[in-house]
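Q: One structure coming up, written as structure tokens, with questions to follow.
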Amino acid sequence: MTRQRVLILFRPLLTLSIVFALLVLRSTAQSDQPSAANLAARRWFQDGKFGMFIHWGVYSTLQDGEWVMQNRKISIADYEKLPSQFNPEKFNAAEWVALAKSAGMKYITITSKHHDGFVMFDSQVSDWTIVKRTPWKKDPLKLLADECRKQGIHLSFYYSQLDWHNPDYYPRGRTGESAGRSDGGDWDKYLDYQDAQLRELLTNYGEISGIWFDGWWDKPKASWRLDRTYKLIHGLQPQTLIGNNHHQVPNPGEDIQMFEKDLPGRNTAGFNEGEKIGDLPLETAETINTAWGYNFTDDHYKSTRELVQYLVRAAGANANFLLNIGPRPDGTIQPEFVERLHQMGEWLAEYGDSIYGTRGGPIAPHPWGVTTQKGNKIYVHVLEWLDPVLLLPAPANQVTAAYALKDHAKVEFSKSGDRLLLQLPAHSSADFDTVIVLETAPR
Ligand code: JFZ
């Protein structure tokens, strides 16, 4: 055969395989492509900036944090005695949601199941649930979902992939060795259980803003079927934002990148080593004292000043702030938390313009403070700086006016090359944040 004849013979085949390859590429590209609803949700999420994290479960009865089962080596047999003592008669969904609102928070992320496997909602695929095992018999997630809808707060669910109670969580990971489970179990059955619960959470509670996964790190080498689970979630509710506290670069299908107890780019807690910052919306989670779940001897409270500054630094790093409370076993929230949240809300009522709807500003975060931006405004947040002048490596030529957000008093500035010298208004070390608004010429 001549070369030409070979080509003629095979050309249709070649064309066909190219078309096929392109189609395959296109379909995978499409499935990784977030839906319009999801993209809109990401914008909403980034605009909202501030959320309430709630760690609440049967562990709260022991008042020693959400890891108490592991830390005190409690067997399942003993741990199963706890639900009979869990009777949160003072739980009031309207009050919890109103507290989040008064703090200026725009969403709530609550534990639907933590590592102890105890299911905090009315699940039909488990009998280890708050409805079936406690004298209270109620579904707090349902009560919260209804109240969130009423008060205009978005609701997300934390879900622990790690499970110290389910016998099918096998082979076991790094933790849960003292639970006393038998050596055997069906991993795929466990993942089916997890998917069935996610289906319940995304079917029975109205619109759900996010699923916040945690516990992957217990078995980093396991096959978690993330793809399948993420497709299930986005199939049921395309706008649901998926995040996973795995401290890795996000996997396909994830919509937010999370940083536990650290601002993006920092690694003070040791969890976020080398975690590169990607293009997805960012969120950093922190506690008010040091515990996530209620701990009655933990009195290392951060001050309102520290918490406000953390929110500001998060916004300057282009990240949301998810601030945790651990309610008490009776359903009430301790006054130390309530007081700080109210004070944060008061601050936001005055300075919210410089936080909500903004993105990280044009100047990288510095020890003295950060910048945020929105439209033609740059907000300079001066957090730790008492000198009367501040030199910014700013795009000075674009700045047309400067004033203090607090009272709109004019702020003098001069330009030197591309740098901007601000004459700061009188401020004291008692101020949480001196916010200077820079107006820039519309481009
Ligand atoms: C996890 C949980 O174990 C904890 O109880 C809480 O819910 C928190 C929000 O998330 O804590 C972690 C998660 C990951 C690491 C350490 C603690 N890590 O990767 O080192």
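Q: Please go through the range 115-169 and pick out each residue that is touching a Ser or Thr at 6+ places or on another chain (Cβ under 7 Å) and assigned to a strand (DSSP E or B).
A: Passing the criteria: VAL119, THR129, HIS154, LEU155, SER156, PHE157, TYR158, TYR159.
Q: Going by what's in this entry, would THR297 be described as open to solvent by 20 Å² or more (accessible area, probe 1.4 Å), within 16 Å of the ligand (Cβ to nearest atom) and not in a helix (DSSP H, G or I)?
A: So THR297 fails the test.
Q: Return the residues of the range 70-121 that are within 16 Å of the ligand (Cβ to nearest atom) and of a type in the set (Ser, Thr, Tyr); say none if nothing qualifies.
A: Across the range 70-121, the qualifying residues are TYR79, TYR107, THR109, THR111, SER112.
Q: From the set of residues in the range 239-273 that are away from the ligand (no atom under 11 Å from the Cβ) and open to solvent by 70 Å² or more (accessible area, probe 1.4 Å), which is modelled with the lowest pLDDT?
A: THR268
Q: Out of GLN63, GLN124, GLN85, GLN46, which single residue is of a type in the set (S, T, N, Q), in contact (Cβ under 8 Å) with a residue 24 or more places away in the chain and closer than 30 Å to LEU282 by Cβ?
A: GLN46
Q: Looking at (1) outside any loop (DSSP other than H, G, I, E, B); (2) farther than 23 Å from LYS406 by Cα, which is the only condition TYR310 fails?
A: If we test TYR310 against (1) outside any loop (DSSP other than H, G, I, E, B); (2) farther than 23 Å from LYS406 by Cα, just (2) comes out false.
Condition check ((1) open to solvent by less than 70 Å² (accessible area, probe 1.4 Å); (2) within 23 Å of GLY48 (Cα to Cα); (3) not polar (S, T, N, Q)) across all residues:
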{"site": "LYS138", "(1), (2), (3)": "no, no, yes"}
{"site": "GLN151", "(1), (2), (3)": "yes, yes, no"}
{"site": "SER160", "(1), (2), (3)": "yes, no, no"}
{"site": "PRO167", "(1), (2), (3)": "no, no, yes"}
{"site": "ARG174", "(1), (2), (3)": "no, no, yes"}
{"site": "TRP187", "(1), (2), (3)": "yes, no, yes"}
{"site": "ASP192", "(1), (2), (3)": "no, no, yes"}
{"site": "ALA196", "(1), (2), (3)": "yes, no, yes"}
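Q: Here's a follow-up. For the range 376-419, which fully contained strands (runs of 3 or more DSSP E) count at least 3 residues that are over 23 Å from ALA430 (Cβ atoms)?
A: 399-404, 413-416
Q: To continue, here is another question. Looking at the range 232-247, can you tell me whether even one residue there is among the β-branched types (Val, Ile, Thr) and over 22 Å from ARG43 (Cα atoms)?
A: No, there is no match, as no residue in the range 232-247 is among the β-branched types (Val, Ile, Thr) and over 22 Å from ARG43 (Cα atoms).
Q: So for the range 337-358 (the condition being of a type in the set (Lys, Arg) and surrounded by fewer than 20 Cβ atoms within 10 Å (Cβ to Cβ)), does at least one residue qualify?
A: Checked against the condition, which is being of a type in the set (Lys, Arg) and surrounded by fewer than 20 Cβ atoms within 10 Å (Cβ to Cβ), the range 337-358 yields no hits at all.
The values are calculated or read from the model by the stated rules, or taken from the named source; none is laboratory data. As the structure is a computational prediction, the values presented were derived from the model and not from experiment. We place every Cβ from the backbone using ideal geometry, glycine too, and count neighbours over all the protein chains shown. Side chains are part of the model used for accessible areas, which takes the heavy atoms of the whole protein and leaves out ligands, DNA and RNA. Shrake-Rupley method; radii C 1.70, N 1.55, O 1.52, S 1.80 Å.
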